[in-house]
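Notes to accompany the following structure.
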Amino acid sequence: MSRKQAPWMCFAKEGDVLRTPKGDYRVIRSISRFDDGDLRCASFAIRRCSWTKRAYTTYNFTDLMNWSYAMAREPGASKLDKTLHWETHQRVAVPPILACCSVVGVP
């Protein structure tokens, strides 16, 4: 199945930095792809607390169509980066280690 996606979506990976339509820079914390390789969704550190209290938020490919690729970088190596990476990759409902207030202000 062919989806309309921005060209950067075919090579984006965890750790890469995207620019939002407002001009903010956001680091991809996790990424998921469809079986054909198209980008399914990407997760980011949350900007402000929400009802979920999770430390991350996920956008699907249609949400990301107006974003642009900014630069490549390695995934963060700090304890906070590693914990956030672990939480965004969980496929089951587990109590979160990080709360949204733990990552407010983290790109």
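Of the residues 72, 55, which single one is touching a residue at least 24 places away in the same chain (Cβ under 8 Å) and in contact with a Pro (Cβ under 9 Å, 6 or more places away or on another chain)?
Numbers: 72 fails: in contact with a Pro (Cβ under 9 Å, 6 or more places away or on another chain).
That would be 55, the only listed residue that is touching a residue at least 24 places away in the same chain (Cβ under 8 Å) and in contact with a Pro (Cβ under 9 Å, 6 or more places away or on another chain).
Which residues, taken from the range 29-49, are outside any loop (DSSP other than H, G, I, E, B) and either touching a helix residue (DSSP H, G or I) at 6+ places or on another chain (Cβ under 8 Å) or among the charged types (D, E, K, R) (or both)? Within the range 29-49, 30, 33, 39, 40, 41, 42, 43, 45 qualify. No other residue among 52, 83, 62 is in a helix (DSSP H, G or I) and at pLDDT below 90 apart from 83. Residues in the range 37-47: is at least one in contact (Cβ under 8 Å) with a residue 40 or more places away in the chain, surrounded by fewer than 12 Cβ atoms within 10 Å (Cβ to Cβ) and over 14 Å from the mean Cα position of the chain (by Cα)? No, there is no match, as no residue in the range 37-47 is in contact (Cβ under 8 Å) with a residue 40 or more places away in the chain, surrounded by fewer than 12 Cβ atoms within 10 Å (Cβ to Cβ) and over 14 Å from the mean Cα position of the chain (by Cα). Being at negative phi, among the hydroxyl-bearing types (Ser, Thr, Tyr) and at pLDDT below 90: is that true of residue 68 here? No; evaluated as a whole, the condition is false for this residue.
Residues in the range 90-107 that are over 28 Å from residue 23 (Cβ atoms) and either in contact with a Lys or Arg (Cβ under 6 Å, 6 or more places away or on another chain) or at pLDDT below 80 (or both): 7 in all.
Note on the range 1-36: residues that are hydroxyl-bearing (Ser, Thr, Tyr), surrounded by fewer than 19 Cβ atoms within 10 Å (Cβ to Cβ) and closer than 21 Å to residue 101 by Cα amount to 1. When the criteria are applied in full, residue 26 fails the requirement of being in a loop (DSSP other than H, G, I, E, B) and in contact (Cβ under 8 Å) with a residue 24 or more places away in the chain.
The values are calculated or read from the model by the stated rules, or taken from the named source; none is laboratory data. Predicted model only: the values in this text are computed from it and were never measured. Note that we place each Cβ from the backbone using ideal geometry, even for glycine, and neighbour counts take in every protein chain shown.
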